[in-house]
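These notes concern the structure reproduced below.
The values are calculated or read from the model by the stated rules, or taken from the named source; none is laboratory data. Model, not experiment: these values are computed from the prediction. Note that each Cβ is placed from the backbone with ideal geometry, even for glycine, and that neighbours are counted across all protein chains shown. The protein model used for the area step is the full one, side chains on, heavy atoms only, and it has no ligands, DNA or RNA in it. Shrake-Rupley method; radii C 1.70, N 1.55, O 1.52, S 1.80 Å.
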Amino acid sequence: MRILYIAQYSIGSTSNMRGRYIQEILQPDEFKVIDIDNPLHATSRIFRSIGWRFKIGVLINKINSYINSNITEEDSFNIIWIDKGVFINLKTMSKLRSLTTHLIHFTPDPAFAYHRSRLFFKTIHLYDICITTKQYELQDYSFAGAKKTLYCTQGFDPSIHKSNNKFNEKIYDIVFIGHFEKERAILLHQLLQAGFKIVLAGIHWKKFVALEQSENLIYLGDGIFGEEYAKIISLSYFGLGLLSKWVPELHTTRTFEIPACGTCLITPRTSETTSFFNDSEVVFLDDNIHLISNLTLLLNNKIELENKTINGSQKVFKNGYDYKSILTKILNDV
């Protein structure tokens, strides 16, 4: 069996995690990776920004040239798996289509409500299967011409997302890793005002950090990834698994990564999060004031908090929310 995997394959990325587990599950004779992070990082910042935002210009040309330089007309693959194929044009996709009987697209991102790509919409009909983690977009795929669409949840990598310390060795009250949004800033401000010690990482938070001037706030910069990401989560009693207001998000990767790291998940109550967890396993965020009261009580009752944390962690491991379990189900369908 020969598999071609096209993705941003940097260590710590979810694409890398999925690729490694596909290789482990199928044990192919050849697993060839075309890492589009290479042409992406070789593009100047301004052209990278234009290409990323508008899917035009130098970045798009470089990515497609890079893909084409790594395949030939004589190549043949049992599966070509494309992770987040928003940069691949019709000409390149048509060539890839001719090289396999199973052309698969996967994205953990919203492809219609956000991260829209005219290139993806022009090529969606070429895929045999499109896989999405967004239930609310299943009909959009059908209307856009997808032959078959599969839904799966987000997931976690147990080789990375795991507890790195004992419960009594935690040093932070709350961790949040993610980009700035106004509603998130309001919540973090209220939590800081209530005296919680918070560790934060993500883009566009610098102004917030400067305005807060709080000794209880530790800012780790624009991003933290891989094992360091898991270690910071593991050192916190609570992890905020906040959902973006920019899209109708119902769960996210943090929904599973935080419990997997041995930390109590704080999550908005949605139709999906309540199907994954109950009140004995996570802290549901219904409103900010009630949350502050609930967290205070739990921090003063470490036995109850530890039990809730253990319950949440056991749930994600037992119920198959890890990437290997998720991908095994998908590949059985394929």
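Restricting the range 23-43 to residues that are in contact (Cβ under 8 Å) with a residue 40 or more places away in the chain and touching a helix residue (DSSP H, G or I) at 6+ places or on another chain (Cβ under 6 Å) leaves a set whose member that is most open to solvent (accessible area, probe 1.4 Å) is ILE25. Elements of the type strands (runs of 3 or more DSSP E) sitting completely within the range 111-195 and holding at least 1 residues that are polar (S, T, N, Q) and more than 18 Å from ILE232 (Cβ to Cβ): these cover 129-132, 149-151.
Note on the range 85-96: among residues that are out of contact with any Ser or Thr (no Cβ under 6 Å at 6 or more places or on another chain) and surrounded by fewer than 16 Cβ atoms within 10 Å (Cβ to Cβ), the one that is nearest to VAL58 (Cα to Cα) is LYS91.
For PHE47, the conditions (1) within 23 Å of the chain's Cα centre (by Cα); (2) aromatic (Phe, Trp, Tyr); (3) surrounded by 15 or more Cβ atoms within 10 Å (Cβ to Cβ) are fulfilled apart from (1). Here SER214, SER142, SER234 are screened, and the one residue that is among the hydroxyl-bearing types (Ser, Thr, Tyr) and under 21 Å from the mean Cα position of the chain (by Cα) is SER234. Within the range 121-133, residues that are within 24 Å of VAL247 (Cα to Cα) sit with their Cβ atoms under 7 Å from residues that are among the polar types (S, T, N, Q) and open to solvent by less than 20 Å² (accessible area, probe 1.4 Å), at 6+ positions apart or across chains, in these pairs: THR132/THR107; THR133/GLN154.
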